[in-house]
Amino acid sequence: MKIGIMTFWWSNDNYGQLLQCYALQKYLRDRGHDAFLIRYKPDNYKKISFSQKVCFTIKHPFQTLTALYKKIKPITVLSELEKIGNEKRDFDAFRNSYIITSECFYKSYDELVSNPPEADMYIVGSDQIWNINNEYAFDVINAWFLNFAPEKVIRTSYSASFGRNNLSTPVRKRIKPLLEKFSSVTVRENSGKNICNKMRINSEVVCDPTLLLSVGAYRKLFVPIKITKNYVFCYMLSNTCTFSVRKLSRWAKDNHLEIIYVTGNVGWLSCDYEDEEIEKSYLTIPEWLSYLANAEYVITNSFHCSLFSLFFEKKVAIVPLNGAVKNTNNRIDSLFSNLGVKKTSINKNNFEVLKSLRSQKINADFIERSKNILNSFEVKNV
């Protein structure tokens, strides 16, 4: 079966984004399908007209004020150091080596409609491709809910994430008829199932696609690491949280540990991290996996770093998000719950909790059930 995958793929510093894209495609291709990434990256991601902006402002004044505040406050420009660092990560090399793509590069929803990629089935997911809360973002909604698909093409989702606990009623009304055209709907978080329930859309919770592959499949990507001492692997995204890498550095030194410190999502300078004096590592994706898998401890606020830590049976502690992104903690909460493992959080830089951590075995039944659900797509739709 020829399968087109719609997901995020264009980051140059978000390791989880590329690995989830890689994993779903590889799993499907290993099962004999001609699976490929649909290269959709819109030029103007949230384009809406002036009249739509006016309507949205009237209906959602609080959200409008929040958006205006974000535009007014200073925006961190990617420094030359970070640009050089992203070149070292070399995500393009990983994409070129491991991701098979559509011939066409789609820069808008209109281009998808006028020349849809040839396939028997479209799968949307994983990652937060359904994290939309503006009912007037027509192009975004239509693209990520596969409204461009010709009638003969099967539409489905695998482990799609809303990235939030709730959607507004207008957005639910907008996407419900689109989801009703899907042959099946699977989501990544328990909160996603609750959102679908509110729309009376049947859905099932499945594992992130990165868990579809074996640990051995990732070990084939490993490269030799350049550190001999025990170390803490610290991977922090730019999501707002209270965390001091400087204090971590002091704690690690007192406990005879090194630090491998990696950041992602480029906006890290605007966060409340006290870390500017700590040396950062700009790892390739194989290096990121290798250093993570060999760490003594892992500290992160990232969903996918948490996931790989559990997959590699690492001692991992989570830094909770706060502020406007606090609700997205549900992604990691759902991950730990579905994998049947205990979550340990680091609050107020209490790194001593690391000493009480133990390696944990994840719930393999949940992963096998997810595989069976994904495998059933091909049976139902042949």
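The values are calculated or read from the model by the stated rules, or taken from the named source; none is laboratory data. Since the structure is predicted, the reported quantities are computational estimates derived from the model, not experimental observations. Because the Cβ atoms are built from the backbone with ideal geometry, glycine has one as well, and the counts that use them run over all protein chains shown.
Residues of the stretch 28-42 being assigned to a loop (DSSP other than H, G, I, E, B) and more than 19 Å from Ile141 (Cα to Cα), which ones?
Matches in the stretch 28-42: Arg31, Gly32, His33.
Name the one entry in Ser203, Ser184 that is more than 19 Å from Phe336 (Cβ to Cβ), surrounded by 14 or more Cβ atoms within 10 Å (Cβ to Cβ), touching a Cys at 6+ places or on another chain (Cβ under 8 Å) and not aliphatic (A, V, I, L, M).
The unique qualifying residue is Ser203.
With the condition kept exactly as written, say whether any residue in the stretch 120-135 is touching a residue at least 12 places away in the same chain (Cβ under 8 Å) and farther than 29 Å from Ser191 by Cα.
Looking for residues that are touching a residue at least 12 places away in the same chain (Cβ under 8 Å) and farther than 29 Å from Ser191 by Cα, one finds at least one in the stretch 120-135, hence yes.
Collect the residues in the stretch 105-138 that are within 24 Å of the chain's Cα centre (by Cα) and surrounded by fewer than 17 Cβ atoms within 10 Å (Cβ to Cβ), keeping them in residue-number order.
Phe105, Lys107, Ser108, Asn131, Asn133, Phe138 - these are the residues of the stretch 105-138 that are within 24 Å of the chain's Cα centre (by Cα) and surrounded by fewer than 17 Cβ atoms within 10 Å (Cβ to Cβ).
Can you find a residue that is within 25 Å of Ala160 (Cα to Cα) and assigned to a loop (DSSP other than H, G, I, E, B) anywhere in the stretch 362-376?
yes
So for the stretch 156-171 (the condition being charged (D, E, K, R), more than 22 Å from Ile332 (Cβ to Cβ) and either surrounded by 17 or more Cβ atoms within 10 Å (Cβ to Cβ) or more than 22 Å from the chain's Cα centre (by Cα) (or both)), does at least one residue qualify?
Checked against the condition, which is being charged (D, E, K, R), more than 22 Å from Ile332 (Cβ to Cβ) and either surrounded by 17 or more Cβ atoms within 10 Å (Cβ to Cβ) or more than 22 Å from the chain's Cα centre (by Cα) (or both), the stretch 156-171 yields no hits at all.
If you check Glu151 against the conditions, is it acidic (Asp, Glu) and under 17 Å from Asp120 (Cα atoms)?
Criteria met by Glu151.
Only one residue in Asn327, Asn349 is touching a residue at least 24 places away in the same chain (Cβ under 8 Å), in a loop (DSSP other than H, G, I, E, B), among the polar types (S, T, N, Q) and surrounded by fewer than 19 Cβ atoms within 10 Å (Cβ to Cβ). Which one?
Asn349
Return the residues of the stretch 121-173 that are among the aliphatic types (A, V, I, L, M), over 20 Å from Lys2 (Cβ atoms) and in a loop (DSSP other than H, G, I, E, B); say none if nothing qualifies.
Listed by number, the residues that qualify are Ile129, Ile132, Ala137, Leu167.
Take the conditions closer than 21 Å to Gly16 by Cα, among the aromatic types (Phe, Trp, Tyr), over 16 Å from the mean Cα position of the chain (by Cα) and modelled with pLDDT of 90 or more and apply them to Tyr297. Does it pass?
yes
Only one of these is buried (at least 16 other Cβ atoms within 10 Å of the Cβ), over 17 Å from the mean Cα position of the chain (by Cα) and over 19 Å from Asn202 (Cα atoms): Ala149, Ala93. Name it.
None of the others qualify; the one that does is Ala149.
Quick check on the stretch 218-228. Is at least one of its residues aromatic (Phe, Trp, Tyr) and assigned to a helix (DSSP H, G or I)?
yes
Does the stretch 172-227 hold any residues that are modelled with pLDDT of 95 or more and among the hydroxyl-bearing types (Ser, Thr, Tyr), and which are they?
Within the stretch 172-227, Ser183, Ser184, Thr186, Ser203, Thr210, Ser214, Tyr218 meet the criteria.
What do you reckon, is Ser302 outside the structural domain of Leu248 (by TED's automatic domain parsing) and either surrounded by fewer than 17 Cβ atoms within 10 Å (Cβ to Cβ) or not acidic (Asp, Glu) (or both)?
Against the criterion (outside the structural domain of Leu248 (by TED's automatic domain parsing) and either surrounded by fewer than 17 Cβ atoms within 10 Å (Cβ to Cβ) or not acidic (Asp, Glu) (or both)), Ser302 does not qualify.
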